[in-house]
Amino acid sequence: MLHEASSARLNSRGSRTEGNASRRGPRERGSGPAVLGPIATAAGVLIVVGLLSLALGRFSVPPWHVVQILAAQLAPFPLEASQTEQSVVLLVRLPRVLLALLVGGGLAIGGAALQAIFRNPLVSPEIIGVSAGASFGGAVALLLGLGPVLLVAGSFVFGLVALGTLLLITAGRGGAPMLMIVLGGVVTGSFFSALVALVTYIADPNTTLPAIVFWLLGSVATATFAKVAVALVPVLGGAAVLVALRWRINVLSLGDEDAAALGVAPRPLRWVVLIAVALIVAGAVAVSGAVSWVGLVVPHLARMWVGPDHRVLLPVSFLLGGAYIVLVDTVARTATAGEIPLGVLTALIGAPVFFLLLRRNRDRIWESA
């Protein structure tokens, strides 16, 4: 009963606010192939991009050899690839692709969940200050020379503090308007960005400062299977929580009054989602630094494709976000002789794309404010 009511109300709301693309999606969205089709398509895109990333680089590996090398790890398979090709694919590029997948997928699904619970398409981990808070926690851990586990813990704690600060700023009856959320995010992000600047100022310029600066620019260049393991638990754990709550997130995106009428307690659910997002952002920031715009742009593109139903939107956002960062990282390491920081490229791509989205939807955004 809850599922049917929430789907009906969500589809009605999506048809009013998301434009023609969204109106096409929710009416066709039921179960079975209608739900699994877009997810399978996004997974296919991710697989293709991942294989191309494993093949491309200064030392090129034929795509068929890449498939052979990966297949041989699962079952006995005759190999045409050389030992050098196997080492490049398995030891150098595979951990980098897996780490980029976790970072991009985690930030994208976190952004989609935040946009739902705040009922605002302009919300993202960066705009609401979560990334700045997590960056401060990670910078402090690097300053003190702490290990990767405490690096994740510090990022998580201060990411949660940033979320809590924004929630206090925007608390009020009837939800927070867009302007209040944006202003609260600016205040929160600016405060933690100032703390990050303070950490870099007091860091030793010969030892810890280069590591902090390189980490803050965002990169997966130092990817190892150990770093993949560090990110795996918080990112996949938080994403699993969000996917498990996809029905309730659908209900919560309708508003607190509608959610309460359908038997969902808004405040506890919102905090569960916020904690899950903070965990995801902490895991991503801890291994890659600050990678911006992913949690804002990718959910927008996914929503234009599949509509506002979070049963489909959340997994598709994760898969597309992973494919996006894998692709951008491939460009970062192959476009020039020196590697371009990942965070720089995502900002250069994300800002113009978001500007175009704003121009296209400016009337609806102004009305929602």
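Here, each number is a calculation from the coordinates, and none is a lab measurement. Remember, it's a predicted structure, so these values are computed and weren't measured experimentally. We place every Cβ from the backbone using ideal geometry, glycine too, and count neighbours over all the protein chains shown.
I'd like the FRET efficiency for residue 75 and residue 149, computed as 1/(1 + (r/R0)^6) with the beta carbon distance as r and R0 of 45 Å, rounded to 0.05.
0.85
Over the chain, with a Gaussian network built from C-alpha contacts below 10 Å, which listed residue (340, 249, 127) shows the highest mean-square fluctuation?
Ranking 340, 249, 127 by mean-square fluctuation puts 340 first.
Among 58, 246, which comes first, second and so on when ranked by fewest other beta-carbon atoms within 10 Å?
58, 246
If neighbour count is taken as other Cβ atoms inside 10 Å, put 215, 305 in order from fewest to most.
305, 215
Any chance you could run the full-extension gain for residue 221 through residue 331? It's 0.36 nm times the residue separation minus the Cα-Cα distance, nm to one decimal.
Contour length minus the Cα-Cα distance gives 38.4 nm.
When the chain is treated as a GNM, springs tying every alpha-carbon pair under 10 Å, which of 339, 80, 257 comes out with the largest mean-square fluctuation?
Result: 80 has the largest fluctuation of those listed.
Stokes-Einstein D for the chain at 4 °C, 1.567 mPa s, Kirkwood Rh over Cα pairs, in µm²/s?
62
Based on the mean of other Cβ atoms within 10 Å per residue, sort peptides 141-149, 258-266, 182-190, 325-333 so the most packed one is first.
Answer by packing, highest mean first, reads 325-333, 182-190, 258-266, 141-149.
Helix-only estimate, please: 222 nm mean residue ellipticity of the chain, summing -39500 (n - 2.57) across DSSP H runs of length 4 or more and dividing by its residues, to the nearest 500.
Calculated mean residue ellipticity at 222 nm is -25000 deg cm²/dmol.
I want to verify a result. In a Gaussian network model of the chain, Cα cutoff 10 Å, which of these has the top mean-square fluctuation: 125, 62, 341?
62
Label residue 213 and residue 240 with points 7 Å out from Cα along Cα→Cβ: what is the distance between them in nm?
Once both label points are built, they end up 4.0 nm from each other.
Extending each Cα 7 Å along its Cβ direction at residue 201 and residue 59, get the distance between those two points in nm, one decimal.
So the two model labels end up 4.5 nm from each other.
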